[in-house]
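K.L.:
Quick one: the structure is below, and I'll ask about it shortly.
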Amino acid sequence: LKTLLRNNKAFVAGGCFKNILKQEAPRDIDIFFHTAADFDEALADFIASPHYVQEHKNNRSVGFRHKTHDLLIDLVCYRYGTPEQVLSSFDFSIVKFAYFLQDGQYQVMRHVNFDKDLEEKKLEICTNPPNVDKFFNRLLRYNRYGYNTSRDIKRRMFSAIKNMTDEA
């Protein structure tokens, strides 16, 4: 992971740590940036690199697959900020984990319940979802991975769906 970090201009965050700590291969690695200029610099480096091939580009990220390791690296371009700012916008405790360089030292930042929820395969919501459809799909995907939702989450989800249909 250290090779993916660009000094203190980028950091790795999200669900890859859930997989890594469970000794599973991550589906992808999301790299976040402090600013759009930092993203642009990294994008140029990845495009120029002989080790990566661009796999996708959309309004959320640009993905590059490592030619040798077959690992997808997503350069995230829809959200910029510090690790703390980015993690505060994540929905579930089990994805609130960041690895970054600060003052010459590699640091880890994670949700207070990250370890417990990962061990118990417990899915706890940390923010109110701005997009109920997208959140519901993520909830179903994590349920397929074996993560269980609490009664409170189910109640909040049904309430959000009801509010969505009432507004329509």
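The values are calculated or read from the model by the stated rules, or taken from the named source; none is laboratory data. Small disclaimer: the values here were computed from a predicted structure and weren't measured. In this analysis, Cβ positions are derived from the backbone assuming ideal geometry, glycine residues included, and neighbour counts consider all displayed protein chains. When the accessible area is computed, the model is the full protein with side chains, heavy atoms only, and any ligands, DNA or RNA have been set aside. Shrake-Rupley method; radii C 1.70, N 1.55, O 1.52, S 1.80 Å.
K.L.:
Check K57: other-chain or 5+ apart residues with amide H under 5 Å from its amide H, H built from backbone geometry?
P.N.:
G63
K.L.:
For the chain, give the share of DSSP beta bridges that are antiparallel, in percent and rounded to the nearest 5; count only bridges with both residues there.
P.N.:
Roughly 75 percent of the DSSP beta bridges within the chain come out antiparallel.
K.L.:
With a 1.4 Å probe and every protein chain kept in, tell me what percent of the accessible surface of the chain is carbon plus sulfur.
P.N.:
48
K.L.:
How big, in percent, is the set of alpha carbon pairs in the chain lying more than 27 Å apart?
P.N.:
Percentage above 27 Å: 30.
K.L.:
If the cut-off is a Cα-Cα distance under 24 Å, which lysines reach K22, setting aside same-chain residues fewer than 8 apart in sequence?
P.N.:
Within the straight-line cut-off, K22 pairs with K2, K96, K116, K121, K122.
K.L.:
Considering the chain as a Gaussian network with a 10 Å cut-off on Cα pairs, which listed residue, H66, H51, H111, attains the greatest mean-square fluctuation?
P.N.:
H51
K.L.:
Taking only protein heavy atoms and a 1.4 Å probe, what accessible area per residue, in Å², does the chain have with all protein chains in place? Don't jump to the answer; show the numbers that get you there.
P.N.:
Numbers: 9790 Å² over 168 residues.
Accessible area per residue: 58 Å².
K.L.:
Please label the shape of segment 67-119 as rounded, prolate or oblate, based on the square roots a ≥ b ≥ c of the eigenvalues of the alpha-carbon gyration tensor (a/c under 1.5 means rounded; beyond that, a/b larger than b/c means prolate, else oblate).
P.N.:
Rounded, because the longest to shortest axis ratio a/c is under 1.5.
K.L.:
Explain nothing, just the number: dipole magnitude of the chain about its Cα centre with +1 on each Lys and Arg Cβ and -1 on each Asp and Glu Cβ, in debye rounded to the nearest 20.
P.N.:
In debye, rounded to 20, the chain gives about 540.
K.L.:
Quick one: accessible surface of T35, probe radius 1.4 Å, all protein chains present, in square angstrom to the nearest 10.
P.N.:
T35 has an accessible surface of roughly 60 Å² with all protein chains in place.
K.L.:
So which aspartates and glutamates pass the test for K134, namely a Cα distance under 12 Å, with those fewer than 8 places away in the same chain ruled out?
P.N.:
K134 reaches D91.
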